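This report concerns only the one structure given below.
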Amino acid sequence: MTDTIHAGTVAHLRGDPFAGENTLEIIERGALAIDPSGRVALLGERDAVLDAFPESELVDHGDAWLIPGLIDAHLHFPQFYATAGFGNGLLDWLENTVYPAEARFADESFARAAAEQFIERLLTCGTTTAMVFGSQFYDANLALFEAAERSGIRLIAGMTLMDRNAPPMLLQTAEQSVDSIEKLIGLCRHAPRLHYAVTPRFALSCSPELLELCGSLLRSHPESYLQTHINETREEIAAVRTAFPQRRDYLDVYDSFGLITERTVLAHSIYTTEPEMDRMAETDCTVCHCPTSNSYLGSGLFPLRRHLRRGIRVAVGTDIGAGTQFSVWRELSETYKVQQLQDFCLNADQLLYLATLGGAKALGLESEAGNFEPGKSADFFVLDYEEDQYLAARLSRCENAVEQLFSLLQLADERHIASTYVHGHMAASRNGS
Ligand SMILES: [Zn+2]
């Protein structure tokens, strides 16, 4: 087997631009050599890479951009068909739109078809790593993991756990859940791109017994992640205070069961208090920002700058189905707008970082994903806007490649993604080939 060279405009981050480093690298006549095992062998000027690998196969993408695969750190599989459902705020939307949609996943054949389409949709949007809330039903989760493994996408997922405050068919006690979870953890152990995440939906859905189970699963399976929601709306926070009156704050509900660690990802964190942020920084957990979801449900404006000042790792997620798009790339444009409303102006480097290297660091995957450093998995997508007359004309008026990247971050979307590669192999293509 030979190496493969992909040629085009290559763009990625070598470090953290929020730390003041100038780490954006754009090579306009660039190339990426990928070894037969699917890992990056070399990145550089096209001619130099071709000289270094004279026997390789060349895939010439012309002027299209090659960008590291996007990392979607928060979305819900059983809400695949629940996007754009009406709801007056989080709790009303959950009851009237989401729970009925999630109940459909009890039907295994329905869930299997949805799993295939869900994974395909992520890949066509350039997402090569996704952290996903699974279904409440074992067979649906099995279908999700199997579809992910077939496609090659990197999936972190787990069974969504609830034992109160939802329709009975979506509830399971700690005792009823444990066997299914252990089986799914066992499945992930044998698949290098699948990871299990213990997934209590949020504090209001979980009794102390269920949260206790989550803590014990993390202790017995330390390779697992934990994902849940926090501080999304004021109404929710007030309800959590009533449900757990003995806890200092929302974070402390999870923390008191041992759920806050460096492998914990907390979605939203809009109304997080100073003491909670201190504790987040101390435990080195991660927060995931989901801008279209926060706007759609009227939840609020995510205080990115306050999190970053504390050194809290931040990723970006679509939060399908409260989010209204599957494209993390488009979420970056919304991230920009939400921060503009708070006098925090993000540049192209910082935006790209959040969904690539920053997302990888947030999920502890920086040795495998996030940029084109040699040795990492060759996960990337090809952004080709030439057929879009307006976008091509707009970009031709940019002064340099950094300006072009900024415009692409605001104007491009999944329709401009020609193909997506995972571990060196094409996993999705606009032409369906
Ligand atoms: Zn969510």
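The values are calculated or read from the model by the stated rules, or taken from the named source; none is laboratory data. Just so we're clear, the structure is a prediction, and the values are computed from it rather than from any experiment. We place every Cβ from the backbone using ideal geometry, glycine too, and count neighbours over all the protein chains shown. Only protein heavy atoms, including side chains, enter the accessible area calculation; ligands, DNA and RNA are left aside. Shrake-Rupley method; radii C 1.70, N 1.55, O 1.52, S 1.80 Å.
Things to note:
- Distant-in-sequence amide H partners of residue 195 (H built 1.01 Å from N, under 5 Å): 155, 156, 157
- All Cα pairs of the stretch 84-226, percent lying beyond 25 Å: 26
- Dipole axis of the chain (+1 Lys, Arg; -1 Asp, Glu on Cβ), positive-most option in 340, 302, 205: 205
- Working note: Karplus 6.51/-1.76/1.60 with θ = phi - 60° gives the stretch 419-425 the couplings 6, 10, 10, 10, 6, x, 10 Hz, where Gly and Pro are set to x.
- Protection proxy ranking for 143-154, 345-356, 391-402, 66-77, using the average of other Cβ atoms within 10 Å per residue and placing the highest first: 66-77, 345-356, 143-154, 391-402.
- Ranked by solvent-accessible area (1.4 Å probe, protein heavy atoms only, all chains present), the residues 159, 169 order from largest to smallest as 169, 159.
- Sulfur and carbon atoms: percent of accessible area, the stretch 175-221 [1.4 Å]: 54
- Debye, to nearest 20: dipole size of the stretch 148-241, +1 on Lys, Arg Cβ, -1 on Asp, Glu Cβ: 340
- The orientation-averaged projection of the convex hull spanning the C-alpha atoms of the stretch 150-205 amounts to 4.5 square nanometres.
- Over the chain, DSSP H runs of length four or greater, each weighted -39,500 (n - 2.57), average out per residue to a 222 nm ellipticity of -10500 deg cm²/dmol.
- Ratio Rg/Rh, restricted to the chain and using Cα atoms, in which Rh is the Kirkwood radius: 0.96
- Alpha carbon centroid spacing (whole Å) that separates the stretch 256-324 from the stretch 400-433: 27
- 1.4 Å probe accessible area per residue over the chain, in Å²: 38
- Positive-end residue, the stretch 73-148 charge dipole about Cα centroid, Cβ charges, pick of 94, 82, 128: 128
- Computed about its Cα centre, the charge dipole of the stretch 70-326 is approximately 640 debye, with only Lys, Arg, Asp and Glu carrying charge at their Cβ.
- Percent RCO, i.e. relative contact order, over the chain, from Cα pairs under 8 Å lying at least 6 residues apart: 20
- Taking only the C-alpha atoms of the stretch 322-426, the Rg (one decimal) and the largest Cα-Cα distance, Dmax (whole number), read 14.6, 41 Å.
- Grouping the Cα pair distances of the stretch 70-326 into 10 Å bins from zero gives a pair-distance distribution of 7, 34, 41, 17, 1 percent in increasing distance order.
- Amide H within-cut-off set for residue 267, under 5 Å, with H built and near neighbours excluded: 228, 229, 230, 288
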